[in-house]
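Below is one structure, written out as structure tokens, with a few remarks after it.
The values are calculated or read from the model by the stated rules, or taken from the named source; none is laboratory data. Computed from a predicted model, the values in this text were never measured in an experiment. In this analysis, Cβ positions are derived from the backbone assuming ideal geometry, glycine residues included, and neighbour counts consider all displayed protein chains. All accessible areas refer to the heavy atoms of the entire protein, side chains included, with ligands and DNA or RNA removed. Shrake-Rupley method; radii C 1.70, N 1.55, O 1.52, S 1.80 Å.
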Amino acid sequence: MSHFTYAPLRQLPYCCVAACVLMVLNRRKLDRFSQPHIGYALGLAVPPEFRTKFPKSRKKKPSSGWGTEVENPKYSLNHFFTKNNLPLHETCCFPKTISELQQVLQQHIGKADLLVCIQVVTWGHVLLVKNFSDSTVTLIDPATAKTKKVSLRVLFNSIQRHGKANRAGVWVISDNSPVIHRRR
């Protein structure tokens, strides 16, 4: 099943979330923001060697590590959307089974923008879902601004490794009202 058309962006350091959000905003023609601006609004914290590139970033390393802190309500995507008068709403779904992941993707592909928060090596990373078909997911990786295809099983395992406490899962960005996930 086909998803929306995105212009891939390469992330700035520690800005995978900001780059993915910017791709979503650009697709929706709401492109008045930059990665540093979005990152700052999402609680971006960077190590000392990157502070000249991000002068507004937070200096202290949060318990979640360097990067954004979207799990904190004051740095959440919904807070960013509301504060900037954007008609969007984000809902996080942490699938408990591969079947549930498949259902969430099928339910929302082509109707909402989908980001996935996974574990890569030992840190979290956010990518944009471009396409989905049965057992293969095509993602735009902001680390390279290229697409990559992964199996549903690999994606599910990466989500599970990162864990619900780290806000892993599928982030559904829909028009204005909260998305309700219905179990079949």
Inter-residue pairs, beta-carbon under 8 Å, first under 18 Å from Ile173 (Cα atoms) and in region 23-49, second modelled with pLDDT of 95 or more and among the polar types (S, T, N, Q), 6+ apart: Phe33/Asn84; Gln35/Gln11; Ala41/Asn84; Leu42/Ser76
Test of understanding: among Phe94, Phe132, which residue is within 29 Å of Lys29 (Cα to Cα), touching a helix residue (DSSP H, G or I) at 6+ places or on another chain (Cβ under 6 Å), in contact (Cβ under 8 Å) with a residue 24 or more places away in the chain and surrounded by fewer than 20 Cβ atoms within 10 Å (Cβ to Cβ)? Phe94
Any idea which of (1) open to solvent by 20 Å² or more (accessible area, probe 1.4 Å); (2) at pLDDT below 95; (3) not small (Gly, Ala, Ser) is the one Val70 doesn't satisfy? (1)
Looking at Leu101, Leu127, Leu139, which is the one that is under 21 Å from Thr5 (Cβ atoms), surrounded by 20 or more Cβ atoms within 10 Å (Cβ to Cβ) and touching a residue at least 24 places away in the same chain (Cβ under 8 Å)? Leu127
I'd like to verify a number: residues in region 86-106 that are under 22 Å from Ser76 (Cβ atoms) and either polar (S, T, N, Q) or part of a loop (DSSP other than H, G, I, E, B) (or both), how many? 5
Can you find, within region 1-22, the residue that is surrounded by the fewest Cβ atoms within 10 Å (Cβ to Cβ) among those that are within 19 Å of Trp171 (Cβ to Cβ) and small (Gly, Ala, Ser)? Ala19
So Ser151, is it within 21 Å of Phe33 (Cα to Cα), out of contact with any His (no Cβ under 7 Å at 6 or more places or on another chain) and small (Gly, Ala, Ser): no
Subset of region 32-63 [crowded, with 18+ Cβ neighbours inside 10 Å and among the small types (Gly, Ala, Ser)]: Gly39, Ala41, Gly43, Ala45, Ser57
Unique residue being under 23 Å from Thr144 (Cβ atoms), out of contact with any Lys or Arg (no Cβ under 6 Å at 6 or more places or on another chain) and not hydroxyl-bearing (Ser, Thr, Tyr) when the list is Pro47, Pro73, Pro55: Pro47
If you go through Lys74, Lys53, the only one that is part of a loop (DSSP other than H, G, I, E, B) and not small (Gly, Ala, Ser) is Lys53
Pairs, please: C-beta under 8 Å, at least 6 apart or cross-chain, first residue assigned to a strand (DSSP E or B) and in region 150-165, second open to solvent by 30 Å² or more (accessible area, probe 1.4 Å) and β-branched (Val, Ile, Thr)? Val150/Thr136; Ser151/Thr136
Using the structure shown, decide if Thr144 is at pLDDT 95 or above and either open to solvent by 10 Å² or more (accessible area, probe 1.4 Å) or touching a strand residue (DSSP E or B) at 6+ places or on another chain (Cβ under 7 Å) (or both). yes
